[in-house]
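The values are calculated or read from the model by the stated rules, or taken from the named source; none is laboratory data. Small disclaimer: the values here were computed from a predicted structure and weren't measured. Note: ideal-geometry Cβ built from the backbone for every residue, glycine included; neighbour counts use all protein chains shown. Accessible surface areas use protein heavy atoms only, side chains included; no ligands, DNA or RNA. Shrake-Rupley method; radii C 1.70, N 1.55, O 1.52, S 1.80 Å.
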Amino acid sequence: MVNAKFEEKGLICRIDHRAYERQGVDIVPTVHEGVAVRQMEAKGMTTDKGDLNRWIKKSNSLLRDIRRKIADLTNWILEMKEELSSPPPPNLVELLSDFYAARNASAWSNKAKVGNLKYFSKAINFLTENQLFSLEDLETRIAQHSDKLAAAKASMKAKSSRKKELEDLLRYADLYRELKSVYDELQGIKWKSK
């Protein structure tokens, strides 16, 4: 009846007559103090039951904090496991560094090592200037340039084909100019006798 009244008034608090253990609540219950103990505590006198209840409340608070911290740690561990299960993609600087370190390991002379260092610094400068930091950035840029290259090749092929047509026409025009006099002479003698 009390819980129905609470619900009717729009309150979220509820009363349960069952013991904490039967409710599934994992806290230590306080002991019943009674009227006499309450009156003594209200007057400022400490009692054994009052001390016990204060200790139980403090213990329950500590248990709640410990459970919360354990839950937070468990969640953090799960997040870390998830994060570590998929390693981050390597960045380009690390890949280049590993590549040139391997080249330097097999280099026989200091001159080759210096050359490798120059190529490495040029590559790093290029990546920095073009804001290419990850392998994904580089792949995206390569795909963009491949598309541009394909378009340029198609355009160049069409222009090359047109250029060949124009060169053929110019060659035909030169031949026409060169052979026009011969043609005119042939036309002039065509109807005369053999």
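Restrict the check to the range 132-144 and report whether at least one residue is closer than 11 Å to L92 by Cβ, in contact with a strand residue (DSSP E or B) (Cβ under 8 Å, 6 or more places away or on another chain) and of a type outside the set (A, V, I, L, M, F, W, C). Yes. In the range 19-28, is there at least one residue being farther than 24 Å from L63 by Cα, open to solvent by 100 Å² or more (accessible area, probe 1.4 Å) and either in contact (Cβ under 8 Å) with a residue 60 or more places away in the chain or outside any loop (DSSP other than H, G, I, E, B) (or both)? For the range 19-28, residues farther than 24 Å from L63 by Cα, open to solvent by 100 Å² or more (accessible area, probe 1.4 Å) and either in contact (Cβ under 8 Å) with a residue 60 or more places away in the chain or outside any loop (DSSP other than H, G, I, E, B) (or both): absent. Before we move on, is V114 free of Cβ contacts under 8 Å to residues at least 60 places away in the same chain, open to solvent by less than 100 Å² (accessible area, probe 1.4 Å) and within 25 Å of Q131 (Cα to Cα)? For V114, the condition - free of Cβ contacts under 8 Å to residues at least 60 places away in the same chain, open to solvent by less than 100 Å² (accessible area, probe 1.4 Å) and within 25 Å of Q131 (Cα to Cα) - is not met. You will find that of R38, R14, the residue that is among the basic types (K, R), open to solvent by 80 Å² or more (accessible area, probe 1.4 Å), free of Cβ contacts under 8 Å to residues at least 40 places away in the same chain and under 19 Å from K57 (Cα atoms) is R38 and no other. Look at (1) modelled with pLDDT of 90 or more; (2) open to solvent by 60 Å² or more (accessible area, probe 1.4 Å); (3) under 39 Å from the mean Cα position of the chain (by Cα); (4) not acidic (D, E) and you find that S86 fails only one, number (1). I need every pair where a residue in the range 89-105 that is open to solvent by 70 Å² or more (accessible area, probe 1.4 Å) has its Cβ under 7 Å from the Cβ of a residue that is of a type outside the set (A, V, I, L, M, F, W, C), sequence separation at least 6 or different chains. From the range 89-105, the pairs are P89/S134; P89/E136; R103/N116.
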